[in-house]
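*Asks:* Take this structure, written in structure tokens, and hold onto it; I'll ask about it next.
Laboratory data are not the source of any read-out in this text; all were calculated from the coordinates shown. Model, not experiment: these values are computed from the prediction. Here Cβ is always computed from backbone atoms with ideal geometry, including for glycine, and neighbour counts include all displayed protein chains.
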Amino acid sequence: MHQRDPGLESLGEQKKALCCLGTTSISPGASGVDGYSCGDMNPVRLSPGDRLLAVADHALRALTSTPQGVRPKPVPARPGPPLDDSDRRLAGALMRVNHVGEVCAQALYSAQALATPNPALRRQFTEAAAEETDHLAWTAERLRELGARQSVLNPLWYLGAFGIGLVAGRLGDKVSLGFMVETERQVEHHLAGHLERLPESDLASRAIVTQMKSDEAGHAIAAERAGAAPLPWPARLAMRLAGRVMTRTAHYL
Ligand SMILES: [Fe+2]
Ligand SMILES: [Fe+2]
């Protein structure tokens, strides 16, 4: 009897309407895993060409459309004071960096889903991408509220992250999950730093970043439980350096 790994299952606990890379349809409440499925009882498998088209569609949605989250944007218990110009600019720059991080998350999980031959893992990566869509939507909305723009380099970030995700995926499922664990941990650490740097008065951005930090920690734990292999330190260091280039560039561009 087929049994699903509890770690894999927990990756999909906060199911959303999914943009499905491996099958043709999404059915919240359908008879699939956890009440959601990429398809129904007999999912229709896509050809490699169809999957590539689905990947392209996913990229265009992440880069050009207004993302629709499932969970509502976290809000502070009380409204904060109005931000002065300097605080607004700083908050805008930091939230732009966080938005870029979520664009990259979309690309990574999309690529990892494409690369794995394991249908269960593919579905989990796809579902993880859907969970990250909340973060993408929240940060995009906060940027608009702050009057700040998204990174002009988003297509480049997406392409780069997609390539890295493909490489990670081709190295095998355990390594791919290990890459996910390390990514989520580094993002969690980065968000902790932003909670120190965001203006004290910007309660709205703080509420979003606090929830994202908690979610990323959960993603790392779930990937670990799903069988992630620890990455060697050179790989972790390379990821940290790449992340630093991205965050410093996106602060301004
Ligand atoms: Fe995220
Ligand atoms: Fe995450």
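*Asks:* When the Cα atoms of region 55-173 are enclosed in a convex hull and the volume is divided per residue, what value in Å³ results?
*Replies:* 106 Å³
*Asks:* Continuing with the same structure: Could you go through region 195-202 in sequence order and give the Karplus-derived ³J(HN,Hα) for each residue, using 6.51 cos²θ - 1.76 cosθ + 1.60 with θ = phi - 60°, rounded to whole Hz, and x for Gly and Pro?
*Replies:* Using θ = phi - 60°, the values come out as 5, 7, 9, 5, x, 3, 7, 8 Hz.
*Asks:* Please tell me the relative contact order of region 56-211 in percent, rounded to the nearest whole number, where contacts are Cα pairs under 8 Å and at least six residues apart.
*Replies:* Once divided by the residue count of region 56-211, the mean separation gives 38 percent.
*Asks:* Using only the Cα atoms of region 187-253, construct the convex hull and provide its projected area averaged over every direction, in square nanometres to one decimal.
*Replies:* The directionally averaged projection comes out at 5.4 nm².
*Asks:* Using the Cβ atoms and a cut-off under 10 Å, what net charge is assigned to the surroundings of Gln150, where Lys and Arg are +1 and Asp and Glu are -1?
*Replies:* Here the count lands on +3.
*Asks:* Another question, if that's okay. Show me 100-112, 168-180, 235-247, 197-209 ranked by packing, highest mean number of other Cβ atoms within 10 Å first.
*Replies:* 100-112, 168-180, 197-209, 235-247
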